[in-house]
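Peer 1: Got a structure here, written out as structure tokens. Questions coming.
The values are calculated or read from the model by the stated rules, or taken from the named source; none is laboratory data. Bear in mind the structure is a predicted one, so any value in this text is a computation, not a measurement. Cβ coordinates were reconstructed from backbone atoms using ideal geometry, including for glycine residues, and neighbour counts include every protein chain displayed. For the accessible areas, the whole protein counts, side chains as well, though only heavy atoms, and no ligand, DNA or RNA atoms are used. Shrake-Rupley method; radii C 1.70, N 1.55, O 1.52, S 1.80 Å.
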Amino acid sequence: MTDSLPPLDAAVLPGFRSDQLEGFRIGITSDRRSEDLIAAFQRRGADVTHAPTIRMTGVTDDSALDAETRAIIEAKPDVLLATTSYGVRRWFESADAAGLGDQLAAQLENTRILVRGPKARGAIRAAGLDDDGMSERETTTSLVDLVLRSPVMGQTVAVQLHGFTDPVQLARLTAAGATVLTAAPYRWTQHEDSARVLRLVDSICQSSIDAVTFTSAPAVDSLFTTAEAAGKLDALQAAFRENVVAAAVGPVTAAPLVQAGILPIVPDRFRMGALIRLLCEHLVETQIRRLAFEHGEIELRGRTVIVNNVKATLSPVSLALLRSLLDARGATVSRLELAGSVAETLDDHGVDVAISRLRQNLPHPHAISTVVKRGYRISTQLL
């Protein structure tokens, strides 16, 4: 399932600055509503990579949905669980096209309707119906919790599915003695533009992207599936644990990340605006590295390094090396440690060459000192 995403009014988001995310790269994995996220981050100066991992589609053949609708009408369900606004609207549109709309609406007038969130409630009311309650946390688990507060033994529970079947929650209803019927007005499928997703996987593995946003659990699963098929799942998950921020809109979306040992940031309110605010604050507060050196100050923002107000953009290898040097706060970093910080394989000579390139890219090449036979360090005055 996914977490609720109501409309975003970026103009009212607090703390807006056009340079807030300058230097940072953010990956967007969503398809639907992606324009809002992309625009919000770009207005704050970020470089955005859009690689939708899944696509929401209506069922290609409505005959299956028509059969599900007829079964629900005939069963006269005691309870309907409505999970999404789009799903409710799509279901009634399909029922109308099949000549079943009036029968469905008439039957549901006598059904106890529970909704997952305010958007689903709005769609139910737009269909001329009313609901009997809303889940507390706007998740399918919470919605099932709500219906199970009362006995359902011997009752028929209809569930409007949200993109894919949630077997765990359906099993809970069945175990409680309910007969469960489902209607699936749309599906999530893997996005056909796999090349973009593979490029995102590579960027994550190289830690050349700073954060990736997720608005549905299937988007996470699809990214993992693509990485696994490319033989890069371990590297991708390691990057998320070490350098790349995973930002999930809610706990349902975060679940597959947590299961993989990745700790995502999740807003207190499961809203797109809250996700944007949280990620902006997190990047600015935790992902900007600053260090004074002998000739001024170095600031690393994403892949942009600023030395005494002069900016330069770094390659993935140079970026990884500079991160390691800055994190050492002026202490010496060995060639072996530096080699371990980059995605590609480097021997001692390769590290020396890469450091030389980094110096050439820096606005102040003397910011990095060589420690003979030991490694390299930022040229700070060590006490």
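Peer 1: Across region 248-258, which residue is modelled with the highest pLDDT among those that are open to solvent by 20 Å² or more (accessible area, probe 1.4 Å) and of a type outside the set (Gly, Ala, Ser)?
Peer 2: Ranking the candidates gives Val258 first.
Peer 1: Still on this structure, please answer the following. Among Phe270, Phe293, which is the only one that is modelled with pLDDT under 90, out of contact with any Phe, Trp or Tyr (no Cβ under 8 Å at 6 or more places or on another chain), of a type in the set (Phe, Trp, Tyr) and more than 30 Å from Ser30 (Cβ to Cβ)?
Peer 2: Phe293
Peer 1: Inside region 328-383, can you point out the residues that are at positive phi and in a loop (DSSP other than H, G, I, E, B)?
Peer 2: Scanning region 328-383 gives Arg329, Gly330, Lys373.
Peer 1: Within region 367-383, take every residue that is closer than 14 Å to His295 by Cβ and modelled with pLDDT under 85 and give me the one that is least open to solvent (accessible area, probe 1.4 Å).
Peer 2: Once the filter is applied, the top-ranked residue is Thr380.
Peer 1: Could you check, for region 295-306, whether at least one of its residues is under 30 Å from Lys119 (Cα atoms), surrounded by 13 or more Cβ atoms within 10 Å (Cβ to Cβ) and acidic (Asp, Glu)?
Peer 2: no
Peer 1: Could you list, in sequence order, the residues of region 123-141 that are within 17 Å of Ala178 (Cβ to Cβ) and outside any loop (DSSP other than H, G, I, E, B)?
Peer 2: Within region 123-141, Thr140, Thr141 meet the criteria.
Peer 1: Report, by residue number, each residue of region 318-327 that is free of Cβ contacts under 8 Å to residues at least 60 places away in the same chain, surrounded by fewer than 22 Cβ atoms within 10 Å (Cβ to Cβ) and closer than 19 Å to Glu344 by Cα.
Peer 2: Scanning region 318-327 gives a single hit, Ser324.
Peer 1: Something else about it: Every residue in region 40-62 that is at pLDDT below 90, open to solvent by 40 Å² or more (accessible area, probe 1.4 Å) and outside any strand (DSSP E or B), please.
Peer 2: Passing the criteria: Thr60, Asp61, Asp62.
Peer 1: Return the total of residues in region 179-218 being without any contact (Cβ under 8 Å) to a residue 60 or more places away in the chain and either aromatic (Phe, Trp, Tyr) or more than 29 Å from Leu321 (Cβ to Cβ) (or both).
Peer 2: 2
Peer 1: Restricting to region 48-88, name every residue that is farther than 20 Å from Val157 by Cβ, without any contact (Cβ under 8 Å) to a residue 40 or more places away in the chain and charged (D, E, K, R).
Peer 2: Within region 48-88, Asp61, Asp62, Asp66 qualify.
Peer 1: If we scan region 225-247, do we find a residue that is without any contact (Cβ under 8 Å) to a residue 60 or more places away in the chain, open to solvent by 30 Å² or more (accessible area, probe 1.4 Å) and under 14 Å from the mean Cα position of the chain (by Cα)?
Peer 2: Checked against the condition, which is being without any contact (Cβ under 8 Å) to a residue 60 or more places away in the chain, open to solvent by 30 Å² or more (accessible area, probe 1.4 Å) and under 14 Å from the mean Cα position of the chain (by Cα), region 225-247 yields no hits at all.
Peer 1: Could you say whether any residue in region 350-364 is touching a Ser or Thr at 6+ places or on another chain (Cβ under 9 Å), open to solvent by less than 70 Å² (accessible area, probe 1.4 Å), of a type outside the set (Asp, Glu) and closer than 30 Å to Arg33 by Cα?
Peer 2: no
Peer 1: When only residues in region 143-199 that are among the small types (Gly, Ala, Ser), assigned to a helix (DSSP H, G or I) and open to solvent by 60 Å² or more (accessible area, probe 1.4 Å) count, which is modelled with the lowest pLDDT?
Peer 2: The selected residue is Ser194.
Peer 1: May I pose another question? Can you name the condition, by its number, that Lys311 falls short on among (1) within 25 Å of the chain's Cα centre (by Cα); (2) open to solvent by 50 Å² or more (accessible area, probe 1.4 Å); (3) basic (Lys, Arg)?
Peer 2: (1)
Peer 1: While we're here: Within region 123-136, how many residues are touching a Lys or Arg at 6+ places or on another chain (Cβ under 9 Å), buried (at least 18 other Cβ atoms within 10 Å of the Cβ) and touching a residue at least 40 places away in the same chain (Cβ under 8 Å)?
Peer 2: Final tally of qualifying residues: 1.
Peer 1: So, one more: Looking at region 87-122 only, could you name the residues that are open to solvent by 10 Å² or more (accessible area, probe 1.4 Å), aliphatic (A, V, I, L, M) and assigned to a helix (DSSP H, G or I)?
Peer 2: Scanning region 87-122 gives Ala97, Ala105, Ala106.
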